1. Does segment A:591-614 contain at least one residue that is within 30 Å of A:Gly323 (Cα to Cα) and within 32 Å of the chain's Cα centre (by Cα)?
2. Confirm whether A:Lys63 is closer than 30 Å to A:Ala131 by Cα, basic (Lys, Arg) and under 33 Å from the mean Cα position of the chain (by Cα).
3. Report, by residue number, each residue of segment A:135-157 that is part of a helix (DSSP H, G or I) and without any contact (Cβ under 8 Å) to a residue 40 or more places away in the chain.
4. Just need a number here: residues in segment A:115-128 that are surrounded by fewer than 16 Cβ atoms within 10 Å (Cβ to Cβ) and in a helix (DSSP H, G or I).
5. Which condition number does A:Ile296 fail, the rest of (1) in contact with a Lys or Arg (Cβ under 9 Å, 6 or more places away or on another chain); (2) of a type in the set (Val, Ile, Thr); (3) at pLDDT 90 or above being met?
6. Identify all residues within segment A:619-630 that are near RNA strand B (Cβ under 9 Å from one of its atoms) and out of contact with any helix residue (DSSP H, G or I) (no Cβ under 6 Å at 6 or more places or on another chain); write none if there are none.
7. Among the numbered criteria (1) more than 10 Å from RNA strand B (Cβ to nearest atom); (2) not in a helix (DSSP H, G or I), which one does A:Val288 miss?
8. Let me confirm something: among A:Lys63, A:Lys39, which residue is within 24 Å of A:Val3 (Cβ to Cβ) and touching an Asp or Glu at 6+ places or on another chain (Cβ under 8 Å)?
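The values are calculated or read from the model by the stated rules, or taken from the named source; none is laboratory data. In this text the structure is predicted, and so the values were computed from the model without any measurement. FYI the Cβ positions are ideal-geometry reconstructions off the backbone, even for glycines, and counts take in every protein chain you see.
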Amino acid sequence: MPVITLPDGKQLSFDGPVTGRDVAMKIGPRLAKDALGVKVNGEVKDLGAPIAADAKVSIITYKQRDGGVDADGLLMLRHSAAHIMAEAILRVVPGAQLVYGPPLATGFYYDIRFPDSRPLKEGDFAAIEEAMKAIVAEDRAFTRHEQAKADCLARLKSEGNKYKVDNAERAIAADGSAPLTFYATGEPGKNFEDLCRGPHVPSTGRVGAIKVMSLASSYWHGDENSDRLTRVYGTAFASQAELDEFLKQKEEAGKRDHRVIGEKLRLFHIDKDVGQGLILWTPAGSIVRKELQNFIGGELRKQGYTEVFTPHIGSLELYKTSGHFPYYKDSQFAPIIERNALEELSKSGCSCAEMMNRVEGVSARLAAGINERTGAQTITPDRVKPDDQLIEGFMLKPMNCPHHAKIFASSPHSYRDMPARLAEFGTVYRWEQSGELNGLTRVRGFTQDDAHLFCTEDQIPGEIQGCLSLVKVIFATLGMKDYRVRVGLRDPDSNKYTGTKENWDKAEAACLAAAASLGVPFSQEPGEAAFYGPKIDFVVKDVIGRDWQLGTVQVDYNMAIRFDLSYTGPDNKPHRPVVIHRAPFGSMERFCGVLIEHFAGAFPTWLNPEQVRVLPISEKTNEYAAKVEAALKAAGVRVTTDYGNDRIQGKIKVAAEQKIPYLLIVGPRDAESGAVSLRIRGQEKDAGSMPLDAFVAAISAEIGERRAELTVKV
RNA sequence: GCCACUUUAGCUCAGCGGUAGAGCGAUGCUUUCGUAAAGCAUAGGUCCAGGGUUCAAAUCCCUGAAGUGGCUCCA
């Protein structure tokens with residue numbers, strides 16, 4: 001006799017086992033009709049699932065009472081849509097093997113292995129969608145049935161789908177007591193069936209609108225050495241109107257994409273003749289970047305940083321010392337080998353493999369030093385080569401830290417002058433896979449607003465706090481509120497980390513305390529630490545919904561040991577410093593990309609490449625327009641004048657599309673009174689007229705204070 | 001790197017076996033204008049590159065490059 005407790009506390013009792021459908025029916029037939037599923041003690045289930053014991057139950061409908069869409073209901077609907085798509089795809093490509101098809105926040109996908117002779121192409125979408133529509137129109141019930149494990153495995157094996165066999169085996173391994181279930185889209189034995197845990201909506205007709213979105217390749221189990229699968233993305237809603245709205249929003253977001261705006265506003269250029277993933281900053285984009293650099297430069301001076309400059313390359317030996325080479329060689333540009341060495345190797349008939357072996361070799365002296373300092377066999381004997389076999393060379397720098405370590409080491413340090421804070425807008429180069437490159441957000445050459453803080457153990461918490469306050473100032477000034485904070489901690493089960501347990505505990509505690517003091521939610525992610533220390537990352541989403549890491553603060557116990565850095569303590573003995581790596585923007589390229597999307601190209605005045613445009617009504621006021629322009633230039637404002645012979649409407653339209661904050665319309669009336677007619681970006685109407693002097697003063701204040709909003713008023 | 005798609009004028013795109021098109025932009029002329037595009041004219045192309053099929057290729061086939069969406073990776 002289960003007693004069902006509803007969300008409002010009301011209790012219903014039944015004579016025997018009931019289903020969600022029975023509960024809904026008892027509340028009201030309308031609810032029973034709208035119900036997609038049921039939540040029993042917090043667990044989402046099929047509407048028809050039996051409820052045997054007392055439970056807290058809520059009925060899942062698509063629409064919530066407040067008019068919003070229920071997240072659980074939407075996921076159920078999309079999971080069901082994935083089954084419908086799978087059935088449709090199997091009709092179009094009979095030999096395909098289904099692998100795994102989960103719902104997502106924006107839709108769903110199904111990983112499928114297609115026969116090599118019959119890959120899925122976008123040209124197949126129309127046929128798939130037609131088949132999906134037919135399945136939805138048939139309004140077949142999703143029917144769950146359990147099968148004994150042995151029978152299930154035998155059945156899947158006889159179907160010859162090793163992926164589903166694997167799914168079943170994994171499900172058994174994860175929970176040996178739970179039954180394996182199939183869902184038939186209709187009648188078992190007659191209609192399409194898929195091994196699936198569920199839950200599903202009652203019938204295919206409840207999926208109102210469904211669309212195949214795109215194709216991608218994926219790897220089985222996410223392992224690039226395993227089978228390559230085709231991932232088919234789709235999305236589904238309860239109604240066509242919602243699908244249309246979703247597609248429209250997607251299109252609108254696309255217009256805010258930094259690559260689109262960057263092209264339109266001529267902020268940057270990527271040229272395949274220069275190279276993939278290499279950014280050319282145009283004059284307009286350079287202004288944005290330079291203003292950001294000036295801004296952070298001022299903050300750094302306030303925090304007692306000192307600026308350094310270092311070259312774009314360094315010797316291979318430097319990176320063998322730091323450990324970057326060859327450990328990370330797959331994501332670095334290939335080494336630059338000296339010409340003499342290359343010629344000699346070529347003459348001696350040295351093979352490429354042998355050459356790489358010798359390039360990666362380490363001298364006995366270097367190996368002994370590092371092994372002694374790290375107290376482990378950090379450099380294994382097989383990498384040690386006789387000096388006369390070593391090949392010298394250089395690398396484009398993948399990190400700035402080795403150079404900065406050498407600057408620190410170049411002079412003696414006392415505990416009295418710690419910490420040393422060395423800052424540099426340092427450009428680094430990394431060999432990103434070609435498929436990963438993406439506008440400004442993933443590139444092969446980028447400039448970090450980098451700094452390394454060489455500090456004592458005691459100074460770590462304070463220095464981390466200082467770094468975070470820097471990030472906070474930046475985000476606040478730019479009005480960026482939509483970011484999340486991730487604290488990367490060590491994986492307790494791994495031994496890949498360097499440094500002692502005590503130091504790690506202290507550093508992790510310092511990071512967590514600092515993150516907590518930020519006043520924004522943060523996640524702790526074990527296993528996400530760098531091998532040399534914990535870190536705090538700032539992550540934002542782009543218009544397409546992808547995560548990008550911007551600012552980062554990392555504690556490093558490793559570098560000072562490898563470079564044998566020290567300072568003299570109060571005991572007059574040498575001590576190891578700890579290094580904090582930090583880059584509040586992360587990379588200037590990525591940050592600017594995210595910033596373009598954040599502002600949709602409409603930058604605050606201090607950042608906008610062109611701050612004011614003067615628009616003479618006709619040639620008759622060209623002379624006055626020139627005077628206005630000169631007055632603004634004298635005040636340091638970035639201003640141009642549109643002397644074209646367009647009508648004023650045309651000039652306004654063009655300037656508005658270029659997102660210029662302030663337009664000054666000047667005609668005979670303004671010239672007479674020494675005034676300007678103001679038009680403010682984002683406002684549909686003329687803001688009125690004001691004296692030129694007043695405008696110059698107002699905009700200068702706005703720029704000087706780096707205000708996020710347009711504040712000039714008539 | 002993997003899979004699919006894309007690549008035509010500065011930009012956005014049409015053309016899809018018969019020899020290059022539009023809109024915007026640029027330039028020139030007319031207009032001298034008061035708040036989101038006045039009119040006319042002109043210039044502008046190795047149709048991504050290289051091979052092939054064909055009487056004929058921007059168009060069909062092959063190879064490569066770059067871009068896009070995902071996968072994997074990201075010190």
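1. Start the filter on segment A:591-614 by keeping residues that are within 30 Å of A:Gly323 (Cα to Cα), which leaves A:591.
Still in the running and within 32 Å of the chain's Cα centre (by Cα): A:591.
Yes: segment A:591-614 contains one or more residues that are within 30 Å of A:Gly323 (Cα to Cα) and within 32 Å of the chain's Cα centre (by Cα).
2. On the way: closer than 30 Å to A:Ala131 by Cα: yes; basic (Lys, Arg): yes; under 33 Å from the mean Cα position of the chain (by Cα): yes.
It is true that A:Lys63 is closer than 30 Å to A:Ala131 by Cα, basic (Lys, Arg) and under 33 Å from the mean Cα position of the chain (by Cα).
3. Here is the first cut: in segment A:135-157, the residues part of a helix (DSSP H, G or I) are A:135-138, A:149-157.
The answer is A:Lys149, A:Ala150, A:Asp151, A:Leu153, A:Ala154, A:Arg155, A:Leu156, A:Lys157.
4. Residues of segment A:115-128 surrounded by fewer than 16 Cβ atoms within 10 Å (Cβ to Cβ): A:115-119, A:121-123, A:126-127.
Next cut, in a helix (DSSP H, G or I) only: A:122-123, A:126-127.
Residues in segment A:115-128 being surrounded by fewer than 16 Cβ atoms within 10 Å (Cβ to Cβ) and in a helix (DSSP H, G or I): 4 in total.
5. Against the list (1) in contact with a Lys or Arg (Cβ under 9 Å, 6 or more places away or on another chain); (2) of a type in the set (Val, Ile, Thr); (3) at pLDDT 90 or above, A:Ile296 comes up short only on (1).
6. Step one: list which residues in segment A:619-630 are near RNA strand B (Cβ under 9 Å from one of its atoms), which gives A:619-622.
Within segment A:619-630, A:Glu619, A:Lys620, A:Asn622 qualify.
7. For A:Val288, the exception is condition (2).
8. Working: A:Lys63 fails: within 24 Å of A:Val3 (Cβ to Cβ).
From the options A:Lys63, A:Lys39, the qualifying one is A:Lys39.
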